[in-house]
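Data block below; observations after.
The values are calculated or read from the model by the stated rules, or taken from the named source; none is laboratory data. What you are looking at is a predicted structure, and each value in this text was computed from that prediction instead of being measured. With ideal geometry, Cβ positions are generated from the backbone for all residues, glycine too; neighbour counts draw on all protein chains shown.
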There are 2 protein chains.
Amino acid sequence: MNMLGIFDSGLGGLTVVRALEQKFPDIGYVYYGDTARLPYGTKTPQTIGRYTVAALEYLRRHGAATPVIACHTASSTLAAHPDIREQALAAAGSEMLFDVVTPAVEAARASTREGRIGILGTTATVRSGIYETLLHDAEVTQVPASVLVGLAEEGWTDTRHAGPILEDLLLPFQRARVDTVVLACTHFPLLAEAIRDILGPEVQLIDPGEALADALLQEEIRPEAGSRRYFATDVPNDFSERAGRFLGRNIEVEQA
Amino acid sequence: MNMLGIFDSGLGGLTVVRALEQKFPDIGYVYYGDTARLPYGTKTPQTIGRYTVAALEYLRRHGAATPVIACHTASSTLAAHPDIREQALAAAGSEMLFDVVTPAVEAARASTREGRIGILGTTATVRSGIYETLLHDAEVTQVPASVLVGLAEEGWTDTRHAGPILEDLLLPFQRARVDTVVLACTHFPLLAEAIRDILGPEVQLIDPGEALADALLQEEIRPEAGSRRYFATDVPNDFSERAGRFLGRNIEVEQA
């Protein structure tokens, strides 16, 4: 029994789900999006920890054996606060807990040629300092980019609309001549094309969802085939349309 | 005793506070920002109603006699759902309840020459249909613009960065040749200059905070002079800086 329980603060985690489905086409899972309380990126570690514990308990009650934290902010918070991580493990009733930060760090380390890595994340992820800690042997340039979350949520991700903001945001990466950039928020893979337009093809972009799928393979976790259920703490009318932006198809979401 | 209790989903309501302070320089009030659960713009009426009731109870316990709902989404929800409004009145222990929609509607009606009014709001405000209902005698063009909330929160409100998005967003207003636009979200007055750059000076922009201050005067409510306290359900480190964007000065915020 290895059914995955995937937790995110909202719908962004569906970019992680999409990456998992590409690697494991038959994968079954339970998804929990805390849409009533998102975004986490501007909240305190204590609040984020409380919400994460509640989410993992919920996923466990709905049959998930292996918890996956798809939310970068929650992943960073847990990595930076061992006490909160312990509470989360207890809530999940699991000895393993996958997050999106650890695999992204491994992928960045494998990708960089010059040891200069850029981190594009929310304010909370950047503040947690987790990437600098885990990549202490590299030259890390961090850019807080919470504004991109709204652009991705609302579908303004093309170069014409997101371009002027991205041009300014990405300047520190260009100045530091990074060769690898971690898209350290679930929403940011949606902006990959516009980011590539500015940084050029020689800069590698790390999609943590893809890195997570590789990490599961490496741990010899074969997610079992099965049904897929989607829960959210608040289900607005346009959920299906919004989910489509992240997952690439519409889904039916149940009220958690 | 007329101390105002001002409720918003976050910090945006401070643009309303700023307008009130300009009209009543000595005004005392209690402010409550539900930063742990924002944004409301994508949530359901039931969830928004529950949060509003909790906020008004809190403000009442902290000495507020006259409740002011500075949040557009909550104002629209209450105006569209009499049962939720009744619960809110009971929670506030008040017979009066000011919101930002009613005064904005009055101001728009007074401003329009041709009867063509634009509403720029969050998805939830637009969906509530409240402006179309209250302005049924005008030709109303609505534009959902939740993306602007993030731009304002993060300070990307100048023409260079917000311009390309605003150009597309405001097209329906230009096509409909509106002569008045309601900035129907607390955050949008911060974008007034960039909006004016695109729509031109002949289009009147209604700032609901200013309209609310006028409404209080008309109701002969003279908010009493006194202390000012700011509560929030989650108080991130950068609260002071963020508050500064909306209020024009830094403040000390207490955990609610």
### Every pair of residues 6+ apart whose Cβ atoms lie under 8 Å, when the first sits in the range B:111-123 and is within 14 Å of chain A (Cβ to nearest Cβ) while the second is surrounded by fewer than 17 Cβ atoms within 10 Å (Cβ to Cβ) and not β-branched (Val, Ile, Thr)
B:Thr123/A:Asp238
### Number of the exception - A:Thr122 against (1) closer than 23 Å to A:Leu166 by Cβ; (2) not assigned by TED's automatic domain parsing to the domain that holds A:Ile195
(2)
### Residue, surrounded by the fewest Cβ atoms within 10 Å (Cβ to Cβ), within the range A:38-61, restricted to residues that are out of contact with any Ser or Thr (no Cβ under 8 Å at 6 or more places or on another chain) and at pLDDT below 95
A:Gln46
### Summary
Residue hits (the range A:171-187; under 10 Å from A:Leu199 (Cβ atoms) and free of Cβ contacts under 8 Å to residues at least 40 places away in the same chain) are A:Gln174
### Task
Identify the residue in the range B:225-256 that is away from chain A (no Cβ under 11 Å) and among the aromatic types (Phe, Trp, Tyr) and, among all such residues, is surrounded by the fewest Cβ atoms within 10 Å (Cβ to Cβ).
B:Phe231
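Restricting attention to the range A:62-84, which residues are within 28 Å of A:Ala225 (Cα to Cα) and surrounded by fewer than 20 Cβ atoms within 10 Å (Cβ to Cβ)? Steps first, answer last, please.
If we filter the range A:62-84 for residues that are within 28 Å of A:Ala225 (Cα to Cα), which is where we start, we get A:62-72, A:74-75.
Passing the criteria: A:His62, A:Gly63, A:Ala65.
Matching residues to (1) in a loop (DSSP other than H, G, I, E, B); (2) under 16 Å from A:Leu169 (Cα atoms):
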position	(1), (2)
A:Ala79	no, no
A:Glu95	yes, no
A:Val105	no, no
A:Arg109	no, no
A:Leu120	no, yes
A:Leu151	no, yes
### Message
Looking only at the range A:145-165, how many residues end up being more than 8 Å from chain B (Cβ to nearest Cβ), surrounded by fewer than 24 Cβ atoms within 10 Å (Cβ to Cβ) and at pLDDT 95 or above?
### Response
3
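Out of B:Gly129, B:Gly150, report the one residue that is under 23 Å from A:Thr123 (Cα atoms) and more than 14 Å from the chain's Cα centre (by Cα). Break it down into steps so the answer makes sense when it comes.
On the way: B:Gly129 fails: under 23 Å from A:Thr123 (Cα atoms).
Among B:Gly129, B:Gly150, only B:Gly150 is under 23 Å from A:Thr123 (Cα atoms) and more than 14 Å from the chain's Cα centre (by Cα).
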### Query
Across the range A:105-139, what is the number of residues that are touching a strand residue (DSSP E or B) at 6+ places or on another chain (Cβ under 6 Å), of a type in the set (Gly, Ala, Ser) and either within 23 Å of A:Tyr51 (Cα to Cα) or at pLDDT below 95 (or both)?
1
### Summary
When A:Glu139 is run through (1) over 23 Å from A:Gly5 (Cβ atoms); (2) not assigned by TED's automatic domain parsing to the domain that holds A:Thr186, the failure sits at (2)
### Message
I want to confirm something. Restricting to the range B:127-144 and keeping residues that are over 16 Å from B:Cys71 (Cβ atoms), aliphatic (A, V, I, L, M) and not in a strand (DSSP E or B), which single residue is farthest from the other protein chains (Cβ to nearest Cβ)?
### Response
B:Ala138
